[in-house]
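The values are calculated or read from the model by the stated rules, or taken from the named source; none is laboratory data. A quick note: this is a predicted structure, and the numbers were derived from the prediction, not measured. Heads up, the Cβs are rebuilt from the backbone with ideal geometry, glycines too, and the neighbour counts pull from every protein chain shown.
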Amino acid sequence: MKRRKLFLMVVPVLVLAASVFAPADARPPAVNISLPESYIANPCPGRYISHGGSGPGQVFCLSPTNTVASINVPAPWLSSRAPALSLVNIPTFFQLDWDAASLGFQDSPALTVSYPSGGATDRLVNVRFQLRLRPIEASAPENGLATGNLAFAASSGVVLVNAADTGNAYYDYACTAGIPEINSPANPLLTVAIAQGGYRSCDAIRGLLSSSMGNPFREALERYPNWTAPTMAQFLAFSPYASIYGPGMDHGSPAFQIEATTYAIVEARPVWDQHTERSEQTIVDCKWEYWREYDFIDWRRWPDPVYCRNVTVVTWGTYCEPARGNCPYGHPDDWWTPVALVEAHVVRGPDGTYGTTYDFASVQSQALLTAP
């Protein structure tokens with residue numbers, strides 16, 4: 001019996017010794033930066049451009065996480081026109097602005113991404129993808145106009161002229177009827193004062209335009225860097241022909257068309273709040289209910305539970321925060337990557353509607369509408 005008692009005394013001591021020297025394991029993994037680098041190098045593997053029509057053009061980016069980011073292409077706005085009725089050989093003046101209502105963007109939904117698959121060691125917290133647009137210089141088409149990254153073209157038979165280019169031969173042709181002593185082929189309505197039903201001069205018509213809407217990009221420069229108000233504030237369109245065979249429609253009548261093309265380069269980048277790393281630590285957890293399955297008995301805990309297990313606890317600690325500039329793959333400000341070129345064919349008319357073209361009828365003036 002004594003030997004048996006001695007044996008019973010020895011066993012708890014051996015178990016106690018095993019529990020005292022059970023190691024706690026904490027193994028921080030090597031940080032894996034392959035996924036962040038791949039996101040930075042290719043933030044927009046799929047993309048689609050909508051030219052609008054009933055609204056501004058949009059660029060859509062399908063990200064590596066299968067989420068979608070988008071940004072609107074600013075639309076040129078013919079915010080004012082004069083006169084309201086376009087007559088043959090009478091210039092129609094337009095005020096040119098950027099449409100503030102067309103600006104806008106939507107980042108992709110934020111996700112927390114764990115990687116690599118099958119045994120994640122790293123996490124990127126609140127990953128989202130963003131787009132921005134930079135303007136690129138436009139070239140004027142034949143008989144068209146360009147200002148910054150915006151180009152205008154018109155139907156055959158229509159002439160477009162920068163209103164500031166008063167020395168232009170076309171401008172002189174359109175406006176010389178305002179000088180009575182010159183025998184001009186232009187419509188004589190331009191020699192009649194507005195009070196008498198005419199227009200008097202090009203300057204008088206321009207005076208009917210509303211003032212500029214200003215530069216809408218002041219509050220949106222982060223997503224529209226280098227965009228400014230158009231350097232061509234006003235332009236005129238005129239035709240020596242009626243638009244009876246025009247390709248467009250204006251109030252049910254055949255109409256000439258003005259097409260606007262906005263040029264920009266699309267840039268994309270990923271952003272996340274934190275890069276965290278996985279860490280494991282083995283702790284001892286003791287409960288009475290472990291009596292059927294336990295790793296060891298810790299008699300020191302008596303009268304508290306003595307049946308114990310070694311439990312692995314996983315924690316995610318912050319490795320770096322990109323916005324603070326402490327990540328090995330750089331700062332988000334340097335992650336913008338060109339992904340596409342945009343040519344958006346959208347224009348907003350004076351009535352506030354959007355279209356792929358701006359249509360206006362040019363009417364042949366009759367004898368009753370000319371100078372008395």
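Determine the pairs where a residue that is farther than 19 Å from Glu259 by Cα, located within the stretch 78-94, has a partner that is in a strand (DSSP E or B) with Cβ atoms under 6 Å apart, the partner being 6 or more residues away or on another chain.
If the second residue must be in a strand (DSSP E or B), the pairs left are Leu87/Val363; Val88/Ser362.
Pull up the stretch 69-82, narrow it to residues that are closer than 23 Å to Thr147 by Cα and either touching a His at 6+ places or on another chain (Cβ under 6 Å) or not aliphatic (A, V, I, L, M) (or both), then point me to the one that is surrounded by the most Cβ atoms within 10 Å (Cβ to Cβ).
For the stretch 69-82, the residue satisfying everything is Pro74.
Does at least one position in the stretch 295-318 carry a residue that is under 30 Å from Pro91 (Cβ atoms) and of a type in the set (A, V, I, L, M)?
No, the stretch 295-318 has no match at all.
What number goes with the only condition from (1) touching a Pro at 6+ places or on another chain (Cβ under 6 Å); (2) acidic (Asp, Glu); (3) surrounded by fewer than 17 Cβ atoms within 10 Å (Cβ to Cβ) that Asp273 does not pass?
For Asp273, the failing item is (1).
Being without any contact (Cβ under 8 Å) to a residue 24 or more places away in the chain, more than 30 Å from Gly119 (Cβ to Cβ) and either under 60 Å from the mean Cα position of the chain (by Cα) or surrounded by 14 or more Cβ atoms within 10 Å (Cβ to Cβ) (or both) is the filter here; which residues of the stretch 290-313 pass it?
If the condition is that a residue be without any contact (Cβ under 8 Å) to a residue 24 or more places away in the chain, more than 30 Å from Gly119 (Cβ to Cβ) and either under 60 Å from the mean Cα position of the chain (by Cα) or surrounded by 14 or more Cβ atoms within 10 Å (Cβ to Cβ) (or both), then Arg301, Pro305, Val306, Tyr307 are the ones that fit.
One line per residue, one yes/no per condition, for (1) assigned to a strand (DSSP E or B); (2) of a type in the set (Phe, Trp, Tyr); (3) at pLDDT below 55; (4) crowded, with 16+ Cβ neighbours inside 10 Å:
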site	(1), (2), (3), (4)
Val15	no, no, yes, yes
Ala24	no, no, yes, no
Pro43	no, no, no, yes
Gln58	yes, no, no, yes
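Quick check: anything in the stretch 98-114 crowded, with 21+ Cβ neighbours inside 10 Å and in contact with a Ser or Thr (Cβ under 6 Å, 6 or more places away or on another chain)?
yes
Of the conditions (1) within 28 Å of the chain's Cα centre (by Cα); (2) farther than 27 Å from Arg47 by Cα, Leu341 fails just one. Which one is it?
It fails just one condition, (2).
All but one of (1) exposed (fewer than 12 other Cβ atoms within 10 Å of the Cβ); (2) modelled with pLDDT under 50 hold for Asn66; state the number of the condition that does not hold.
So the condition that Asn66 fails would be (2).
When the residues of the stretch 318-367 are narrowed to those that are free of Cβ contacts under 8 Å to residues at least 60 places away in the same chain and part of a strand (DSSP E or B), which ends up surrounded by the fewest Cβ atoms within 10 Å (Cβ to Cβ)?
Ranking the candidates gives Thr318 first.
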